[in-house]
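Participant: Let me begin by handing over the structure; questions about it come next.
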Amino acid sequence: MGFWGNPTFVAQRINANEIAPPVEMPNALWFVGHYLYAMGLDLGSFGVGIFFVISGFVISISLAKTSVGEFAIRRFFRLWPTYLTCFAIMLLSIYATGWFFGRALPFDEFSILVHLLPGLNEIFGVLSLDGISWSLAVELKFYIFAALCAGLLRRADLKVFAVAVAVSAGPYLLWHLYPNRNDLGLFGVRTLWSFVFFGDFLLILMVGVAFQFHYARKIGNGTFCAIVAAMLSIFVAINLLNPIILSTSPVWSYVAAVAVFWACYLLRDYFRATVPTTFLANISYPLYVLHCYAGWCFMRMLVEFGLSSNTIAILYIVVCFAMSWVIHRVIERPSNLFGGELAKKFRLKPYYLAATGTAAA
């Protein structure tokens, strides 16, 4: 939808000439996009919202079974090799597209270097080059937050939600109420903004933690509902009172993501592993990192070959799925196994009695 719906932005991001004349979006995509937009639902924000809730849900389980050192090693090898592979493919795609259209690479070496670890670009004031690394930066910061609050998470201590609110509201209030924040210097202002940005989405991640505590039978229904309501209320209030990060439509899209996750949570006994869902689960991370700008480059070149919009959409999906499967088999799966073996050397003691409960077993 983004490729056909905003051709000027796409051309700028993938270093290509804008499509002229504009190519019509496939009817099925237009129909879905039109009515979802009319309902105020942003699909990108909705998908990221579900990703954040799932992440919050699983982190307590991971920490309960490992030491902090083991957790950090596992998480690093879970994310970084696959991210780096997909980032390299994205760079090559943009370079090739620019070469085809006679354009120079639109960013320098420093911009590339600060993207080798998601989140560094925020501190150095470099815009995201790939359209998705901002969410991985939020994820990495959440890992740090979870590691620092490991004791609270293992005990399913409700104080962890108070800490999360403080981490979210503190930088936000400082950003708006501190009259001389420029006195912090450029690096200080960027660092403060990085905390403001992370704090906003931390509230959605903590909704996932609340689901996990409830799943493990560490909190009752009333406490669970109160925590979810509190996290969402603060999230909505922060963004609607002063929407410096999210506009109105994405805000409600994150709330809708929580609602869908909640519905699936209530119906969890009806979900069973199948070959298609297992395949999608396996390729989900490389597909997430790969699909955006690299996918747009591929689609833009198909336009040059005169293919129809429907054909382009089908080929895009097939090629993205196929490449994601290859990356999963060649990069993601081996790096996960290597990280797991390496992490065992840092295992101090098991933590199985924490917030996993009998339900997780």
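Participant: Just the number, please: carbon plus sulfur as a percent of the accessible area of region 57-134, 1.4 Å probe, no ligands or DNA/RNA counted.
Facilitator: 72 percent
Participant: Using heavy-atom solvent-accessible surface (probe 1.4 Å) with all chains present, what is the largest-first order of 141, 345?
Facilitator: Ranked from most to least accessible, the order is 345, 141.
Participant: Kindly flag which residue pairs out of 141/218; 65/159; 159/218 have an alpha-carbon separation exceeding 23 Å in this structure.
Facilitator: Details: 141/218 25 Å; 65/159 21 Å; 159/218 14 Å.
Distance filter (> 23 Å) returns 141/218.
Participant: Exposed loop sites here are GluC sites (Glu not before Pro) in DSSP loop states with at most 13 other C-beta atoms within 10 Å. What is the longest stretch of the chain lacking them? Walk me through the intermediate numbers first.
Facilitator: Working: sites that count: 18, 24.
Result for the longest clean stretch: 25-361.
Participant: In whole Å, what is the distance between the alpha-carbon centres of region 228-306 and region 67-94?
Facilitator: The distance from the Cα centre of region 228-306 to that of region 67-94 comes to 20 Å.
Participant: While we're looking at this one, here's another question. Give the Kirkwood hydrodynamic radius (Å, one decimal) of region 249-329, defined as one over the mean of 1/r across all pairs of different Cα atoms.
Facilitator: 15.1 Å
Participant: Could you rank the peptides 233-242, 263-272, 291-300 by their average count of other C-beta atoms within 10 Å per residue, with the highest value first?
Facilitator: Most protected by this proxy first, the peptides run 291-300, 233-242, 263-272.
Participant: Also, I was wondering about something else. What area, in nm² and to one decimal, does the C-alpha convex hull of region 1-72 cast on average over all directions?
Facilitator: Taking the Cα atoms of region 1-72, their convex hull projects to 7.8 nm² on average.
Participant: Debye sum, Cα scatterers, the chain, no solvent: what log₁₀ I/I(0) at q = 0.12, 0.13 1/Å?
Facilitator: Treating every Cα as an identical point scatterer, log10 I(q)/I(0) equals -1.02, -1.20.
Participant: Still on this structure, please answer the following. Over region 104-256, what portion of Cα pair distances is larger than 19 Å, expressed as a whole percent?
Facilitator: Considering region 104-256, 59 percent of its Cα-Cα pairs are separated by more than 19 Å.
Participant: Could you check how much of the accessible area of region 225-328 is carbon and sulfur, as a whole percent, using a 1.4 Å probe?
Facilitator: Roughly 75 percent, rounded to a whole number.
Participant: Applying the Karplus parametrisation 6.51 cos²θ - 1.76 cosθ + 1.60 with θ = phi - 60° to the phi angles of region 154-167, what ³J(HN,Hα) value in whole Hz is obtained for each residue in order, glycine and proline being reported as x?
Facilitator: Calculated HN-Hα couplings, in order: 5, 8, 6, 7, 5, 4, 4, 6, 5, 4, 4, 5, 5, 5 Hz.
Participant: Using the heavy atoms of the protein chains and a 1.4 angstrom probe, tell me the accessible area per residue for the chain in square angstrom.
Facilitator: Accessible area per residue, the chain: 50 Å².
Participant: More than 21 angstrom separation, counting every C-alpha pair in region 209-282; what % is that?
Facilitator: Percent of Cα pairs beyond 21 Å in region 209-282: 43.
The values are calculated or read from the model by the stated rules, or taken from the named source; none is laboratory data. These numbers were taken from a predicted model, which means no experiment stands behind them. Ideal geometry is used to build each Cβ from the backbone, glycine not excepted, and the neighbour counts take in all protein chains shown. Heavy atoms of the whole protein, side chains included, go into the accessibility calculation; ligands, DNA and RNA do not. Shrake-Rupley method; radii C 1.70, N 1.55, O 1.52, S 1.80 Å.
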